[in-house]
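The values are calculated or read from the model by the stated rules, or taken from the named source; none is laboratory data. Values in this document were obtained by computation on a predicted structure and should not be read as measured data. All Cβ positions, glycine included, derive from the backbone under ideal geometry; neighbour counts span all protein chains shown. Heavy atoms of the whole protein, side chains included, go into the accessibility calculation; ligands, DNA and RNA do not. Shrake-Rupley method; radii C 1.70, N 1.55, O 1.52, S 1.80 Å.
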Amino acid sequence: MTASLVVVGTGIKLISHLTAEAKAYIEQSDKVLYLVNEPAMKAWIKSMNSNAESLDNLYSSCQLRKDSYLAITEYILKTLHANQHVCVVLYGHPSVYAKPALDAAIIAKQEGYFAKILPGISSEDCLFADLLIDPATHGCLSFEATDLLVHQRKIDISCHVIIWQVSVIGMLGHIKNYDNSRGIRLLYNYICKHYPLNHEMISYTASQYPGLNPKIIKFNLDQMQDKMFSRISTLYIPPFQKNVCDKKMLAELEINLDDMRI
C-alpha cells in the first residue's frame, strides 16, 4: 500500500514542543488533519501544508463526546482509504486522552496500512518538570477524574497521584458553561477517605506559551473548591506517607537499604 497514517502531537507550548520528526511529517504528508486548541498553532499548521484540514467541526458535531470521537476516527480512516499519506496533528501527546486518532491508528494497522504514533510532550510531562517531581521516587498513579469516581479506583497514598480533567467531572458532552460543583464535591469526598484535611495539594496548569510561567495553586484539601480548576487544570496530590520496605525482598535481592537512592 502507498497510503500511511502518522499521528503526531504538538506538545503543550506553542511551536516549541514540536519535534523535528513531527514537523517533517506535517510538511511532507499528502493530507494533514488537525485538532488543536490554539489559533496560532492552527495557522502554523496551515502554513506548513496547504492541504491541511481542521477537525473542529467533527469534534463538536455530536451531543456526546464519544460519538464525536467515533466520527473523527471514521473520517481519518476515510481519508486514509483515499490512498494518501495522512498526518493527524493533535494537541499535547497524541495518544494521551486522544482516543480518536489512537483508534484510527489501531484499525489502520489491522487493515494492513503503515501506521504509527510519534510521542509528544503531555501536560503530565510538564507537571513533572515544573513541580520538580521524579515519578520514580515514590511511584506515580494517574487517573481521569470521572473514571476514578465511577470505578472507585484505588489510591495509594504513598505515591504521587495525578488526576486529570477535574473541571469536567461527569460531563460527557460539549457544554461551555458546565457546572462542575457537584463533581468537585464528589471528588473531594472521595479524596477525604484517603488523606487528612490539612494535606497540601496542587492545581496545576501548564504554560501554553514560551516565556510564560505555569499556573500553580497550592492549597490544603479542606480548601478544595471548583474555582481552583480551569478546563485544562490537573490535580496533583503529593505522597502522604512512605511505605516500609519488605525485608524479605531486600534479602532476596541482596540489597542494602542504605544503598538505595529511593
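Miscellaneous remarks
- Counted by Cβ distance under 14 Å from Gln84, the other residues give a net charge of 0, where Lys and Arg count +1 and Asp and Glu count -1.
- Fraction of accessible area attributable to carbon and sulfur, the chain (%, probe 1.4 Å): 53 percent
- Geometric extent, Cα atoms of the range 57-146 - Rg, Dmax (angstrom): 16.0, 48
- Debye, to nearest 20: dipole size of the range 1-104, +1 on Lys, Arg Cβ, -1 on Asp, Glu Cβ: 140 debye
- Considering only Cα atoms, the convex hull volume of the range 184-262 works out to 162 Å³ per residue.
- Contact order, relative form, for the range 65-174: 21 percent (alpha carbon pairs under 8 Å, 6 or more residues apart, mean separation divided by residue count).
- Relative contact order for the range 99-229, counting Cα pairs under 8 Å that sit 6 or more residues apart, in percent: 18 percent
- Förster radius 51 Å - calculated FRET efficiency between Met171 and Thr2, Cβ distance, rounded to 0.05: 0.80
- Folded to 0 to 90 degrees: helix 99-110 orientation relative to the chain principal axis, Cα: 60 degrees
- Pairs of Cα atoms farther than 18 Å apart, the range 126-182, %: 45 percent
- Amide H contacts of Val88 (H built 1.01 Å from N, under 5 Å, at least 5 apart or other chain): Val6, Val7, Val8, Leu33
- Largest-first principal axis extents, alpha carbons of the range 72-201, Å: 58, 35, 24
- Relative to the current alpha-carbon distance between Leu186 and Lys23, full extension at 0.36 nm per residue lengthens the span by 54.5 nm.
- Stokes-Einstein D (µm²/s) once Rh is taken as the Kirkwood radius of the range 43-83 over alpha-carbon pairs, at 37 °C in 0.692 mPa s: 290 µm²/s
- Per-bin percent of Cα-Cα distances, the range 1-112 [5 Å]: 2, 13, 25, 26, 20, 11, 3, 0
- All-pairs Cα distance distribution in the chain, expressed in whole percent, bin size 10 Å: 6, 26, 29, 23, 12, 4, 0
- Evaluated with a Cβ-only charge set (Lys, Arg +1; Asp, Glu -1), the chain carries a dipole of roughly 600 debye about its Cα centre, given to the nearest 20.
- Pairs from the list Lys215/Lys242; Lys13/Lys215; Lys193/Lys215; Lys78/Lys116 with a Cα-Cα gap above 25 Å: Lys215/Lys242; Lys193/Lys215.
- Computed 3J(HN,Hα) for the range 81-87, one whole-Hz value per residue from the Karplus formula 6.51 cos²θ - 1.76 cosθ + 1.60 where θ = phi - 60°, is 5, 7, 6, 10, 7, 10, 10, glycine and proline marked x.
- Over the chain, dividing the summed -39,500 (n - 2.57) contributions of all DSSP H runs of at least 4 residues by the number of residues returns a 222 nm mean residue ellipticity of -9500 deg cm²/dmol.
- The distance separating the Cα centre of the range 23-85 from that of the range 186-227 comes to 33 Å.
- Using C-alpha pairs under 8 Å with a sequence gap of at least 6, the mean separation divided by the residue count of the chain gives a relative contact order of 20 percent.
- For the chain, the longest principal axis of the alpha carbon atoms and the long axis of helix 181-192 meet at an angle near 40°.
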